[in-house]
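Read-outs throughout are calculated quantities, based only on the coordinates presented, and are distinct from any laboratory measurement. What you are looking at is a predicted structure, and each value in this text was computed from that prediction instead of being measured. All Cβ positions, glycine included, derive from the backbone under ideal geometry; neighbour counts span all protein chains shown.
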Amino acid sequence: MAGPLLPDLMARIEAKYRVHRWWEIDDRAGFLARHGPAIRGIATSGRHGATRDMISSLPALEVIVSFGVGVDPIDMAGARQHGVVVANTPGVLDDCVADTALALMLSVSRRICELDRFVRAGRWRKESPPMGRKLGGRRCGILGLGNIGRQIARRAEAFGMEIAYHNRSPRADAPAHYLYCADVHALARESDILVLSLPGGGDTRKLVDQRVIDALGPQGILVNVSRGSVVDQDALVLALREGRLAGAGLDVFENEPDVPAALCAMEQVVLSPHIGSSTVETRQAMAELVLANLDGWFEHRRVLTPVA
């Protein structure tokens, strides 16, 4: 087990399998010499991942099962090279991540967190509260119209928003009234609120850079529920500081759990601690899928949700 998981999930895995808690091992070289040749599986998460060194040091490794949908912390090339199957937990967290995106969109647009502080500070007795912006009639641009992106689009439409999106190619199953943009810069130009719901990893690192942020413009809002690595965080901070972007709602950051002090000090920014899937119902469903993938492999040589 690469790192701590939910206590109940850890207990259920340990009740059925012989588990080594990697994060509690001090002499890892000695441990690998003694036990590495017998280890057949890794249980991990989107936070802890599995490095190339870890994968290559386990000659009997057959499967990596991750609690989470993102696999960028797992060395997928190393897993493929060693013939290791990787499984994650897609589908079961789509609704809650989409809910989080909408919560951030509303919070920034209607200045909910800022106005909460306004009331708590007693300013309402002396000042008129600042006004926000409505969602209806504005365009929500979605970078990554996958399972989560489509759920975000459905929710945004319910608030009266128009939808634009960018994928590597247009989705055949996307509604005809969705505007497809050929690249991320065009999407940003067409959007009032740009929502990021694409995978992390080397291919998307800092894809949202200064040019994209400037294309979104001084009235635009950036919402990120994907990975912090997708955004050039320094460029984002500078744009917010200089008024070249109206606001941001961020659930993920470049170096979690470290968040730049500059972001924490900004009234127009709403921050949450990577809680997109953090509901009792969703985390339980994710745990069940981790167990089903482990049991599926070791009992039937087949996982339920393999990563392609």
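Considering only the chain, what is the antiparallel percent among its DSSP beta bridges, to the nearest 5?
5 percent
How far is helix 280-300 tilted off the main Cα axis of the chain, in degrees rounded to 10, range 0 to 90?
30 degrees
Highest mean first, what order results for 263-270, 150-157 on Cβ atoms within 10 Å? List each step's numbers first, then the result.
Values: 263-270: 16.0, 150-157: 20.8.
In decreasing order of mean packing, 263-270, 150-157 become 150-157, 263-270.
On a full-extension model of 0.36 nm per residue, what is the gain between Asp203 and Ala33, subtracting their alpha-carbon distance, rounded to one decimal in nm? Before the final figure, lay out each step's value.
Details: separation 170, 0.36 × 170 = 61.20 nm, distance 3.49 nm.
Computed gain between Asp203 and Ala33 is 57.7 nm.
Using Cα springs under 10 Å in a Gaussian network model of the chain, which residue among Phe31, Phe67, Phe159 shows the largest mean-square fluctuation?
Sorting by GNM fluctuation, first place goes to Phe31.
Compute the helix-to-body angle for 94-109: its Cα long axis versus the longest principal axis of the chain, expressed 0 to 90° and rounded to tens.
30 degrees
Taking Cα atoms, how many degrees apart are the long axis of helix 7-16 and the longest axis of the chain, rounded to 10 and kept between 0 and 90?
20 degrees
Just how large is the dipole of the chain about the Cα centre, in debye to the nearest 20, putting +1 at every Lys and Arg Cβ and -1 at every Asp and Glu Cβ? Can you show the working numbers first?
Values: 36 positive and 36 negative charges, 89 e Å.
Using only the charged Cβ atoms, the result is roughly 420 debye.
How much mean residue ellipticity at 222 nm does the chain get from its helices, if each DSSP H run of length 4 or more adds -39500 (n - 2.57) and you divide by all residues, to the nearest 500 deg cm²/dmol?
Numbers: 12 runs with 115 residues, N = 308.
Using -39500 (n - 2.57) per qualifying helix, the result is -11000 deg cm²/dmol.
In terms of Cα to Cα distance under 30 Å, which lysines are near enough to Lys206, apart from those fewer than 8 places away along the same chain?
Here the lysines satisfying the reach criterion relative to Lys206 are Lys134.
Under 10 Å, Cα contacts only: if you run a Gaussian network model on the chain, which one of Trp23, Trp124, Trp297 comes out with the highest mean-square fluctuation?
Greatest mean-square fluctuation among the candidates belongs to Trp124.
Could you list which residues have their amide H under 5 Å from that of Arg205, counting only those 5 or more apart in sequence or on another chain, with H placed in the peptide plane?
Those lying under 5 Å, H to H, from Arg205: there are none.
Based on the Cβ-Cβ distance of Ala11 and Arg110, what FRET efficiency does E = 1/(1 + (r/R0)^6) give at R0 = 35 Å, to the nearest 0.05? Each step should come with its number before you reach the end.
Numbers: r = 42 Å, r/R0 = 1.19.
Efficiency, from the Cβ-Cβ distance: 0.25.
Using +1 at the Cβ of each Lys and Arg and -1 at the Cβ of each Asp and Glu in the chain, identify which of Trp22, His82, His185 lies farthest towards the dipole's positive end.
His185
Once R0 is set to 35 Å, what does the formula 1/(1 + (r/R0)^6) return for the Cβ-Cβ distance between Ala158 and Ala261, expressed as a FRET efficiency to the nearest 0.05? Numbers along the way, then the final one.
Details: r = 36 Å, r/R0 = 1.03.
Step by step, r from the Cβ atoms, then E = 0.45.
Check Ala50: other-chain or 5+ apart residues with amide H under 5 Å from its amide H, H built from backbone geometry?
Close amide H contacts, sequence-distant or interchain: Ile74, Asp75.
Highest mean first, what order results for 125-133, 46-54, 190-198, 68-76 on Cβ atoms within 10 Å? Mind showing how you got there, number by number?
Working: 125-133: 10.3, 46-54: 18.4, 190-198: 25.7, 68-76: 21.4.
Going by the mean number of other Cβ atoms within 10 Å, highest first, we get 190-198, 68-76, 46-54, 125-133.
For the range 94-271, what is the charge dipole size about the Cα centre, in debye to the nearest 20, if Lys and Arg each add +1 at the Cβ and Asp and Glu each add -1 at the Cβ? Please list the in-between numbers first.
Numbers: 23 positive and 23 negative charges, 131 e Å.
That gives the range 94-271 a dipole magnitude of about 620 debye.
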